[in-house]
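The block underneath contains the structure these notes are about, expressed in structure tokens.
The values are calculated or read from the model by the stated rules, or taken from the named source; none is laboratory data. The shown structure was predicted, so the numbers you read here are calculated from the model rather than taken from an experiment. Ideal geometry is used to build each Cβ from the backbone, glycine not excepted, and the neighbour counts take in all protein chains shown. Keep in mind that these areas ignore ligands, DNA and RNA; they rest on the heavy atoms of the full protein, side chains included. Shrake-Rupley method; radii C 1.70, N 1.55, O 1.52, S 1.80 Å.
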Amino acid sequence: MAGDFLKTDRLVLREITPADLPFLHRIFSDAESMRYYPGIKSFDETALWFQRLAFDSYASHGFGLWAVTDRQSGALLGDCGITMQETSAGLEPEIGYHLWRDHWGKGYAVEAATACRDHALDTFSLARIVSIVRPDNTPSRRVAERVHRRRETFAKTGSPDGGMMEFYLYITDAA
């Protein structure tokens, strides 16, 4: 499934390439962009993140994190895609998104995540897709509320000290 494969009115989602990693690292090394994660990532940590959640996931599942690009200019805006994550129901397909902060507040995350949701349910025939969001991450909650149909609360490891914390699990079940 190489190349451009998901298109919206303003965006194209495509497989991430190693050439995308320096731009994506800009997001993952930025304290404001990573505010709701345990911390920022080094370049090597960013590369390992995308090895696991993009390159290896493409091979294992046929999906993963994809590059989000501007349909007009081709500029890379960030990533959005489907990865397998642990939830209260076990290992489930989850939509995640990370955009460079110049692109926040423009509806790109909702547009990309909605395309991923529809692709997961229609093309991959998944029975359910979720998004995991920290309760204090208001911007991502707003995105997930527009993309998914319902919300539950569950606890998982994720606090900076490695302890358990509550997360919101936004859920869309296949029709």
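Which of 12, 39, 65 sits closest to the plus end of the dipole of region 6-72, meaning its Cα is farthest towards the positive end, when Lys and Arg get +1 and Asp and Glu get -1 on the C-beta? Projecting each Cα onto the dipole axis, the largest value belongs to 12.
DSSP beta bridges in the chain, what fraction antiparallel, as a percent rounded to 5? Bridges in the chain that DSSP calls antiparallel: roughly 95 percent. Accessible area per residue (1.4 Å probe, heavy atoms of protein chains only) ranks 7, 156 as 7, 156, with the largest value leading. Averaging the Cα positions of each part gives two centres, and for region 1-47 and region 55-114 these lie 8 Å apart. This model, with +1 at the C-beta of Lys and Arg and -1 at the C-beta of Asp and Glu, gives the chain a dipole about its Cα centre of some 420 debye. In sequence order, region 10-17 has phi-based couplings of 10, 10, 10, 9, 9, 4, 6, 10 Hz under the Karplus curve 6.51 cos²θ - 1.76 cosθ + 1.60, θ = phi - 60°, and Gly or Pro positions carry x. Defining a contact as two alpha carbons under 8 Å apart and six or more residues distant in sequence, what relative contact order in percent does region 67-175 show? Relative contact order of region 67-175: 22 percent. The mean sequence distance of close C-alpha pairs (under 8 Å, at least 6 residues apart), as a share of the length of region 132-175, puts its relative contact order at 44 percent.
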